[in-house]
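Asker: Sharing a structure, written as structure tokens. Questions coming.
The values are calculated or read from the model by the stated rules, or taken from the named source; none is laboratory data. These figures come from a predicted structure and were not determined experimentally. Here Cβ is always computed from backbone atoms with ideal geometry, including for glycine, and neighbour counts include all displayed protein chains. Just the protein is used for accessible areas: all its heavy atoms, side chains included, with ligands, DNA and RNA removed. Shrake-Rupley method; radii C 1.70, N 1.55, O 1.52, S 1.80 Å.
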Amino acid sequence: MTDSYKLPNIAIIISLLLLFTGCEKNFDIGLGHTEPQLVVEAYINTEIPAYNYVILSKSQTIENTSIASIPVKNALVKISEGSLMQNNTIVWDSSSSVILKETTLPDVPAGISDGIYTDPNLQTDPARALRGIAGKYYLLEIEVNGEIFTATAPLLSPIPIDHLSTDYHYTDEDGTSKGRITVNFKDPDTTGNCQLFYWRHSDNQKSFGWGSLGTRKRITNSDENNNGSYMRLTNSYGFVKGDSITYYMANVTRDVYNFWDSYNKARNSNGPLSTPVSLLSNISGNNVTGCFSGLAISAATIIMD
Amino acid sequence: MSVRTILNMTTGMRNLRTIYCFVKALLLLCCLQCMHTANAQTVTVSIHVLNSIHMPVSNATVDIDGNRMLADSSGKLLQAFTKGNHLIEASAVGYYSRLLHITLLSDTTINLMLIQKENELSNIVITAGKNNNKNEMSFYSLDIDRLKKIPVILGETDPLKTITLLPGIKNGGEAGSGIYVRGGGPDQNLILLDDIPVYNPNHLLGFFSVFNGEAIKSVSVKKGDMDAAYGGRLSSIISIDTREGDKDSLKLSGGIGLISSKLSIEGPLVKNKASFIISGRRTYIDQVAKVFAKKRIGNNGYYFYDINGKADYEINDNNKLLFTFYNGKDKFSYTNDKNNLFNANWGNTIAGLTWKQQMPSGKLKQSVSMIYNAFDLDSYYGYDLSDYIFTSAVTDYQVKNDWSYTPSGKFNLNWGLQYIWHQFKPGAGDITQGILEFKTEINNQYAREAAIYLSSGFRISRRLRATTGLRYSYFNQVGPTERVIYNEDGNPTGETELYKKGESIAHYQYPEPRLNLDYTLSSVSSIKLSYNKTIQYLHLATTSGATFPSDIWIPAGQIVQPGIAQQVSIGYFRNTHSNIYHFSAEAYYKDLDNQVEFKQGAQLLLNQNIEGEMMFGKGKAYGIELFAEKKKGKLTGWVGYTLSRTQRTYAEMNDGKPFPYRYDRTHDMSVVANYTLSRQWNFSTVFVFGTGNALTMPTGRVNYNVGFNVSQRTASYTSMNQYNEINNYRLPAYHRADICATYTPISKKKKRFSSSWNFNIYNVYNRRNPYFIYMDINQTEKSLQGKMVYLFPITPAIGWNFKF
């Protein structure tokens, strides 16, 4: 897993050295005004119907010192299913279209649920709720104030997890015994396979949303250097001894991997000596950013020993 | 046969035809000039300007019957005379001039010995910046004795910092590493130490250069009108020459400064024939920090050292051997309160052996050099149970042979060849986590680079002089290596291909024409025009934030194309008041192709797919450089001003639209003044002003990766900067003033020991020039604040130098 081999943040160490001679002061950067962007965080997956949702928000302008999200309400959000034909075109099944509504799911508390769109069937008719199917394509259509935004996400076949193992046990600073999880699987022989990793355990048992299943850093992997190999990828997150962990491995397309890879780089580009990083969006339209992620999920459970 | 192969053959054939026509024309001109020369009643005189210890006086002025000429850096001048009586006067800054009446009947060699004026302080800061009689456009030369008079940060004489006071040559900002010449990048300067390339010329991340003032004789810069003998870089040739040892007696010299000290020992190996000089410098920043900032720095430390060595042996009047050596290292260590340790060492090692030969007539010269140069980096990071080791290196082995034929002062011919074997070690890592160990090694890369060149300077008419040249370069990346195969989208396929030792991976060849025209308007003014095309086969992979020694040199290959530059310059030059004042105005336009940039957030270290992280685009730079200089008198100095624009265009960046290069500096001005009050006191000052560097600043904030804590009824998300246009922001303008005073005690009795004190104040009016800025985000308080880090407030320094 490329993240494990990441070298220490040399820029931070250099900054500490500069403290010897450098001084720092606050100042008004005086950046110009820009129009807010529509931010789309959308998922379709094969495992958890409730986690097929779309979050719409507006970006904050830089002169606004608040970093809180600005939800976008009253948007028209629709997801349709389609199939790839032999001539490489996708035929969309209009009868499969699902109109997502601003959520009333109990897991998403009122007051912070603005801008979150889910399938109403999740509460009225769960058996018919939107469910992703491996091999199918999904079309996301959004309309906000007359402007149209679209994205397409295929769902690949899930890659089976051979088994999970617990390794690298250690004692944390507070005396807690912890260990790490290694996921073992065979990478398909085709090139360009990419994965995202999520997990649920005691700390996030009562949580909702893909953003709560794991750390803020999205754990990713691609087979650039080891296509077709048997993979053993260790997650650096430490789980408490005795914790029950459900580990999800999502097989994703290259554009989704690229987005989350750019997200990981962008979340680190705030400090000094950092490189500006823009998100590699797969949403079409004017003044929009984000990703429609198709997650082909395989899951396994283990107890940290 | 594929279409690409046919196109390559066609291009190659066109190149060959171009070369053939050019060489044929050049040879014809040579024959005409030789015939003209043979028919004249002239003799050829080789003039050597030397000092009292038989060392050459660089760039001395030689006046022959009222015609003023300039000797070269080795104090030599070859000139054709009519037979008969002549008056020759040689002069140089800091020396008494020498007059000679001579009757010439045949070819001869004249040694002119100049006596140095003791304690003659600077009344000329630039000794030979411009000369209307020499075809040297876009060229500056600085004598080290004068460099030492210019105020610098912490009193550390630094030729690379000082040359940025000249128009068209910019630094990267406060204490920034990198030299940016006419819109080019920091890797586009061929930095030579005694004609040996130096890969990383910086200590302490660019605060200081690796060039020890105690060892240096002179520094020169050529930013256009490139000599055909040089290539491999697009923007400039920065040449630092070290001095030779005293052939007469053993001498000791040195200096003690605020953060470093230096010492030189030199003397004869064989009296008046062979000499040596060894210079060393070491900083004691680590020791100073432990005394003054132990709480903040603790046991962390940093230091650097430089060792220069040179030996020369004059076998006879026509043969000379020279050996140059340099080794320098930066050593950095850091331990935090959790006992996590970080160590890094990096540095250059260079060595060169040169044989210089001159035929008895003095008209034909050659030199043969064998060169080794290397840069390497080793770092170690220990964190909890994990250890990380990272190493990288680049090594060159080079041979070159240069010839020069000067049958008369009106014509010269130069030719030569060069061969370099490159070895690149882009990175190797050893990672230990607990009991498990992972080794990652990025495949080494190898390449051959070769060039031949031919150039000629000749007079077309009484007013018009031309220098034409053609350099033909070749580059071939070879195995053994294992290359990643990329698909059409530029993504790695997961497959690799193996290349055996010596097997060709990719090759390139280019003609690089050079042209200079010099039209004399009068005895004091001229117009010069130049054109050159240059090719660069190595690119420097560097992070945008800081030039850290983890920068990696990448050779041209199947995906990485060589960089190409074409530059046109035109300039007007004028001297007034008997050469006391000099004025020049130069305009240039430079076109750049295959400029490398790295994809945002690119992982450059230990990345087998580094080629996949690269983008290729174009660049453009143009500007006007104005320069006014006073060369003589108690008050000397110069004012330089550059108005310029530099931009880049990449299809994958900024929606394919051109954007300002990071170091695009619209206005850049330097004022340097030196005043000699008396034999004891000398004062100098510098004022610089420049438009702030271009930066990409965020235009908004995006919250993503949202999750909800159901029991606490809270949302979590990651907040990130949002960016729009590239380099859409300008740092505040940079400006500061420095002053320097040098006091040299004068003894009534002439003593072998002499010393001087140097008092510097850097940034006299305490301007807070930003080193970098960033946005500080507080996720808990949900706030953000702009932060500026600045480095050097008003900074005094004192230094003591001695000679024995």
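Asker: B:ILE265 versus B:ARG463, label points 7 Å from Cα toward the beta carbon: distance in nm?
Answerer: It is 6.0 nm.
Asker: Order the following by accessible area, largest value first: A:ARG254, B:ARG768. Probe radius 1.4 Å; ligands, DNA and RNA are ignored.
Answerer: Details: A:ARG254 50, B:ARG768 110 Å².
I get B:ARG768, A:ARG254, largest accessible area first.
Asker: Return one whole number: the accessible area per residue of chain A in Å², for a 1.4 Å probe.
Answerer: Details: 13020 Å² over 305 residues.
So chain A comes to 43 Å² accessible per residue, rounded to a whole number.
Asker: On the full set of protein chains, 1.4 Å probe, figure out the accessible area of A:LYS206 and give it in Å² to the nearest 10.
Answerer: A:LYS206 has an accessible surface of roughly 140 Å² with all protein chains in place.
Asker: Oh, and also: Students often get this wrong: which residues of the stretch A:215-259 have the backbone nitrogen under 20 Å from the point 7 angstrom along Cα-to-C-beta of A:ILE112?
Answerer: Counting backbone N atoms under 20 Å from the label point, the list is A:215-218.
Asker: How much length is gained on full extension from B:SER333 to B:LYS500, taking 0.36 nm per residue of separation minus their Cα-Cα distance? Walk me through the numbers before you get to the answer.
Answerer: On the way: separation 167, 0.36 × 167 = 60.12 nm, distance 3.95 nm.
Gain on extension, B:SER333 to B:LYS500, equals 56.2 nm.
Asker: So with the 1.4 Å probe, I'd like the accessible area per residue for the stretch B:646-691, rounded to whole Å². Before the final figure, lay out each step's value.
Answerer: Working: 2050 Å² over 46 residues.
For the stretch B:646-691, the solvent-accessible area averages 45 Å² per residue.
Asker: Which FRET efficiency, nearest 0.05, do B:LEU321 and B:ASP655 yield, Cβ-Cβ r, R0 60 Å? Walk me through the numbers on the way to the answer.
Answerer: Details: r = 58 Å, r/R0 = 0.97.
After rounding, the FRET efficiency stands at 0.55.
Asker: Give me the summed buried accessible area for the A-B pair, 1.4 Å probe, to the nearest 100 Å². Before the final figure, lay out each step's value.
Answerer: Numbers: alone 16940 and 37170 Å², together 46360 Å².
Chains A and B together bury approximately 7800 Å².
Asker: Calculate the spin-label point distance for A:THR301 paired with B:SER361, positioning each point 7 Å from the Cα along the beta-carbon direction, and give it in nanometres.
Answerer: With each label point 7 Å from Cα toward Cβ, the separation is 9.7 nm.
Asker: As a check on your grasp of the helix formula, calculate [θ] at 222 nm for chain A: sum -39500 (n - 2.57) over DSSP H runs of n ≥ 4, divide by the residue count, round to the nearest 500. Write out the running numbers ahead of the final one.
Answerer: Details: 3 runs with 27 residues, N = 305.
Using -39500 (n - 2.57) per qualifying helix, the result is -2500 deg cm²/dmol.
Asker: Shifting gears a bit: Per-residue Cβ counts within 10 Å, from other chains only, averaged over B:690-702: what number is that? Don't skip to the answer; put the middle values down first.
Answerer: On the way: counts 0, 0, 0, 0, 0, 1, 5, 6, 10, 11, 15, 14, 16.
Averaged over the peptide's residues, the number is 6.
Asker: Probe radius 1.4 Å, ligands and nucleic acids ignored: give me the carbon and sulfur share of the accessible area of the stretch B:632-765 as a rounded percent. Could you put the intermediate results ahead of the total?
Answerer: Working: 3560 of 5990 Å².
Of all accessible area on the stretch B:632-765, carbon and sulfur atoms account for 59 percent.
Asker: Leaving ligands, DNA and RNA out of it, rank A:LEU100, B:LEU263 by accessible area with a 1.4 Å probe, largest first. Write down the numbers at each step before the final one.
Answerer: On the way: A:LEU100 5, B:LEU263 90 Å².
The ordering from most to least exposed comes out as B:LEU263, A:LEU100.
Asker: Checking the table B:LYS310/B:LYS365; B:LYS273/B:LYS410; B:LYS76/B:LYS400 against a 25 Å threshold on Cα-Cα, which pairs fail? Show your work: numbers first, answer last.
Answerer: Values: B:LYS310/B:LYS365 22 Å; B:LYS273/B:LYS410 32 Å; B:LYS76/B:LYS400 22 Å.
Pairs exceeding the cut-off: B:LYS273/B:LYS410.
Asker: Give the aspartates and glutamates whose C-alpha is closer than 17 Å to that of B:LYS222, dropping any in the same chain fewer than 8 places away, or say none.
Answerer: B:ASP72, B:GLU136, B:ASP143, B:ASP187, B:ASP194, B:ASP195, B:ASP241, B:GLU512, B:ASP518, B:GLU586, B:GLU625
Asker: If you take the beta carbon distance between A:ASN74 and A:SER229 as r and set R0 to 41 Å, what does 1/(1 + (r/R0)^6) give as a FRET efficiency, to the nearest 0.05? The partial results should precede the final answer.
Answerer: Working: r = 49 Å, r/R0 = 1.19.
The formula returns an efficiency of 0.25 here.
Asker: Between B:VAL639, B:SER678, B:THR691, whose Cα lies farthest towards the positive end of the dipole of the stretch B:590-714 when Lys and Arg beta carbons carry +1 and Asp and Glu beta carbons carry -1, centred on the Cα centre?
Answerer: Result: B:SER678, furthest along the dipole toward the positive end.
Asker: Once the Cβ-Cβ distance between A:THR215 and B:GLN712 is put in as r, and R0 is 25 Å, what FRET efficiency do you end up with, to the nearest 0.05?
Answerer: Numbers: r = 18 Å, r/R0 = 0.70.
After rounding to 0.05, the efficiency reads 0.90.
Asker: Starting from 0.36 nm per residue, how many nanometres of slack lie between B:ASP63 and B:ARG645 once their C-alpha separation is accounted for?
Answerer: 205.5 nm
Asker: So, one more: What do you reckon, how do B:ASP593, A:ASP162, A:ASP203 stack up by accessible area (1.4 Å probe), largest on top?
Answerer: Working: B:ASP593 45, A:ASP162 95, A:ASP203 115 Å².
Accessible-area ranking of B:ASP593, A:ASP162, A:ASP203, largest first: A:ASP203, A:ASP162, B:ASP593.
Asker: Another question, if that's okay. Too long at a 32 Å Cα-Cα cut-off: which of A:LYS58/A:LYS136; B:LYS149/B:LYS223; B:LYS83/B:LYS251?
Answerer: Checking Cα-Cα distances, B:LYS83/B:LYS251 exceed 32 Å.
Asker: What list of ³J(HN,Hα) values in whole Hz, one per residue of the stretch A:42-50 in order, does the Karplus curve 6.51 cos²θ - 1.76 cosθ + 1.60 (θ = phi - 60°) give from phi, with Gly and Pro shown as x?
Answerer: My calculation for the stretch A:42-50 gives 10, 9, 9, 9, 9, 10, 10, x, 5 Hz in order.
Asker: Right, another one. Compute the signed sum of charges (Lys and Arg +1, Asp and Glu -1) over the other residues within less than 14 Å, Cβ to Cβ, of B:ASN763. Please list the in-between numbers first.
Answerer: Details: positive: B:LYS161, B:ARG736, B:ARG767, B:ARG768; negative: B:GLU174, B:ASP738.
Neighbourhood net charge equals +2.
Asker: Please name which of A:SER212, A:LEU164, A:THR182 has its Cα lying farthest along the dipole of the stretch A:149-272 towards the positive end, using unit charges on Cβ (Lys, Arg +1; Asp, Glu -1) and the Cα centre as origin.
Answerer: Towards the positive end, the residue furthest out is A:SER212.
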